[in-house]
1. Quick one, could you list the DSSP H helices from the chain stretching 15 Å or more along their long axis (Cα atoms) with average Kyte-Doolittle hydropathy of 1.6 or above?
2. What net charge is computed for the residues neighbouring Pro234, neighbours being all others with C-beta under 14 Å from the C-beta of Pro234, Lys and Arg scored +1, Asp and Glu -1?
3. Under a 1.4 angstrom probe, counting protein chains only, how are Lys15, Lys39 ranked by accessible area, largest first?
4. For region 93-174, with every protein chain kept in place, what is the accessible area per residue (1.4 Å probe, Å²)?
5. In whole percent, how big is the carbon plus sulfur part of the accessible area of the chain, probe 1.4 Å, protein atoms only?
6. Taking 8 Å as the Cα distance limit and 6 or more residues as the minimum spacing, I'd like the relative contact order of the chain as a percentage.
7. Nearest 5 percent is fine: what portion of the DSSP beta bridges confined to the chain is antiparallel?
8. Taking the Cβ-Cβ separation of Asp69 and Met271 as r and a Förster radius of 45 Å, what is the calculated FRET efficiency to the nearest 0.05?
Amino acid sequence: MTLRLRRHEFADDHKLMMAIVNRTPDSFYDQGATWAEDKAFERVTTVVEQGAEIVDIGGIKAAPGVEIDAAEEKSRVVDFVARVREAFPQLVISVDTWRAEVGDAVCRAGADVLNDAWGGADPELVDVAAQHDAAIICTHTGGVTPRTRPYRLEYDDVVASAIADSMAYADRAVAAGVAEESVVIDPAHDFGKNTFHSLEITRRIGEMVEAGHGRPVLVSLSNKDFVGESLDLPVGERLIGTLAATALCAAAGARIYRVHQVVETRQTVDMVDVITGVRLPRRAIRGLQ
């Protein structure tokens, strides 16, 4: 199925890099390095030059913290989306929000994708996506409240739950009027999950790819806690572990990679595609001349 992200289309063999841009002063990874608008715009420029097809702009960190209402969230992202849209007309702009009010404002400003990391906490978000012909990312969180950490969640089968819930969310989006080719599913590593859950999701991500029946699977692995706990490493030292998980997901057919490090992730995914025969080497002369 051709993937359509509002005004942009991608063939089903095109794997996409979604670069993270945090418009927050307290993000877990960069600790506010792109909080200032000009710094955030520099980040966008850099990742575009590195080949990212999508930027994912967020105005609230996922972890618990200072309460951020819809008005404050909009002040952080709406005008910035408009600035990025004007500067990069061919770039896919995603906004990480669960609020319909914010989703409506950013779509009016030029966003193409609503990335709902909290599994449909605001049921009207699908209506906003449909109204603007935007794409939507449907995640699995086990029903946790936005901006809360999971505590002793249990699943009979976390992969089956991720498939069932994300597909049900996707079906609800289509029923609301979102185009089938504009729906993406995401198991949401770490969200509503402990480390063992996220590792199980990673091992069995191919089941989600197959169960999606053509709906692209997005994975957000970059520097996550499940990587850090697996290797007992802090946030700044999780790249290699992230890329190992990325390689497994790429081999299983995940389509979109939400990342902090674009170049390293692209090379990992491309190498997997060459090994698995999805694409040819860019250059192959050894032993031939």
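1. Qualifying helices, which must be both long enough and hydrophobic enough, are 239-252.
2. Net charge around Pro234: -3.
3. Values: Lys15 25, Lys39 105 Å².
These residues rank, largest area first, as Lys39, Lys15.
4. Per-residue accessible area for region 93-174 comes out at 39 Å².
5. Details: 6610 of 12880 Å².
With neighbouring chains kept in place, the figure for the chain is 51 percent.
6. Working: 570 pairs, mean separation 49.9, N = 289.
Relative contact order for the chain comes out at 17 percent.
7. Counting DSSP beta bridges with both partners in the chain, the antiparallel share is about 10 percent.
8. The calculated FRET efficiency here is 0.55.
The values are calculated or read from the model by the stated rules, or taken from the named source; none is laboratory data. Quantities reported herein were computed from a predicted structural model and do not represent experimental measurements. Every residue, glycine among them, receives a Cβ derived from its backbone with ideal geometry; neighbour counts consider all protein chains shown. The protein model used for the area step is the full one, side chains on, heavy atoms only, and it has no ligands, DNA or RNA in it. Shrake-Rupley method; radii C 1.70, N 1.55, O 1.52, S 1.80 Å.
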